[in-house]
Amino acid sequence: MKVELSKYSGYCFGVKRALKLTEEALARHRSDGKKVFTLGSIIHNPGVEKELSKQGLLSIDDIMDIEDESVFIIRSHGMSPVLIDVLKKRNIDIIDATCPFVKKAQLKASELEEMGFFVAVIGNKEHPEVCGIREHVSPDKVAVIENEEDLVLLNKKKKIGVIIQTTQTIDKLKKLTVKLLDSSREIYIVNTICDTTRNRQDSVRSLSKRTDLMLIVGGKNSANTTHLADISRKNNPWTYHIESSKDIESAWMEDAKIIGICGGASTPEKDILEIKKKIEGAKS
């Protein structure tokens, strides 16, 4: 039995940066008593969220719960500029941990509007990254396209500028933009899928073809990890999306000679290695 790790696995640059900024802020303000807040999860990984909570990070759902003169960290997914302005007026120290690739998507959305395009954001409607990107554009100049049914929102739009959630798949971008060719005279497409996401998806696509079992590791609320599992299942039906080694079932490995493992962008390397160790121990 062989265990093979994906070449691209575990924390991406944007997540590493967000965690570094968060841990530094928590350490810096431990002595002065300032509370450190974030709106929602700093990254989508339950284990990491729990550890940061122990260190003092306060995750809230409403910015009005943030105390004046405290510290606020913008999570890796980015945030609405309107909410940021509200916080600035309350003398709150803001640390921007937005992923640079998400920043690029936000900027491109604004630029497309300035160029006269109606902006179509391909992605999950409720994902915080998509919500933040959408709010960088005037409400009447943007629509979120999650599936083919949503394309009706673009009817009669003569100029459409397309961007995509940074953790989506290239297949989804191709599928939906091709459909636009019948409904718009001018389409401007900006592929804002991040490089790490593309590399990770390509790696899983390749690894899943030559393995008997695939384990995709990461939070169930992680969009990029969910997409990795979907890609893997297209080649290998024996694909499981797990959050930790505790989720592994021995029956999965009974006839597996080659087992592939890939962690999502918010998955710590230690979690991936722990899973590898458990599998190797079970088969030894």
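The values are calculated or read from the model by the stated rules, or taken from the named source; none is laboratory data. These numbers were taken from a predicted model, which means no experiment stands behind them. As a convention, Cβ positions derive from the backbone with ideal geometry for all residues, glycine included, and neighbour counts pool all protein chains shown.
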Given the conditions (1) modelled with pLDDT of 95 or more; (2) farther than 21 Å from Ile275 by Cβ; (3) outside any loop (DSSP other than H, G, I, E, B), and given that Ile193 satisfies all but one, which numbered condition is not satisfied?
-> (3)
Candidates Ile272, Ile258, Ile279, Ile248, filtered to the one that is among the hydrophobic types (A, V, I, L, M, F, W, C) and touching an Asp or Glu at 6+ places or on another chain (Cβ under 7 Å) = Ile258
Give me the pairs, please: first residue somewhere in the stretch 232-258 and among the acidic types (Asp, Glu), second residue anywhere and part of a helix (DSSP H, G or I), beta-carbon distance under 8 Å, and either six or more positions apart or on two chains.
-> Glu243/Pro46; Glu243/Gly47
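Criterion first (in contact (Cβ under 8 Å) with a residue 40 or more places away in the chain, touching a Lys or Arg at 6+ places or on another chain (Cβ under 7 Å) and among the aliphatic types (A, V, I, L, M)) does Met214 satisfy it? Working first, answer last.
Numbers: in contact (Cβ under 8 Å) with a residue 40 or more places away in the chain: yes; touching a Lys or Arg at 6+ places or on another chain (Cβ under 7 Å): no; among the aliphatic types (A, V, I, L, M): yes.
Criteria not met by Met214.
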Residues in the stretch 57-97 that are polar (S, T, N, Q), over 13 Å from Ser41 (Cβ atoms) and surrounded by 12 or more Cβ atoms within 10 Å (Cβ to Cβ) total 2
Would you mind finding the one in Ile42, Ile73 that is in contact with a helix residue (DSSP H, G or I) (Cβ under 9 Å, 6 or more places away or on another chain), assigned to a loop (DSSP other than H, G, I, E, B), closer than 28 Å to Thr225 by Cα and of a type in the set (A, V, I, L, M, F, W, C)?
-> Ile42
Counting only residues that are surrounded by fewer than 17 Cβ atoms within 10 Å (Cβ to Cβ) and within 11 Å of the chain's Cα centre (by Cα), how many does the stretch 192-238 have?
-> 1
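Being over 19 Å from Lys220 (Cβ atoms) and modelled with pLDDT of 95 or more, is that true of even one residue in the stretch 259-268?
First pass over the stretch 259-268, keeping only residues over 19 Å from Lys220 (Cβ atoms): 259-260.
Cutting the leftovers down to modelled with pLDDT of 95 or more gives us 259-260.
Checked against the condition, which is being over 19 Å from Lys220 (Cβ atoms) and modelled with pLDDT of 95 or more, the stretch 259-268 yields at least one hit.
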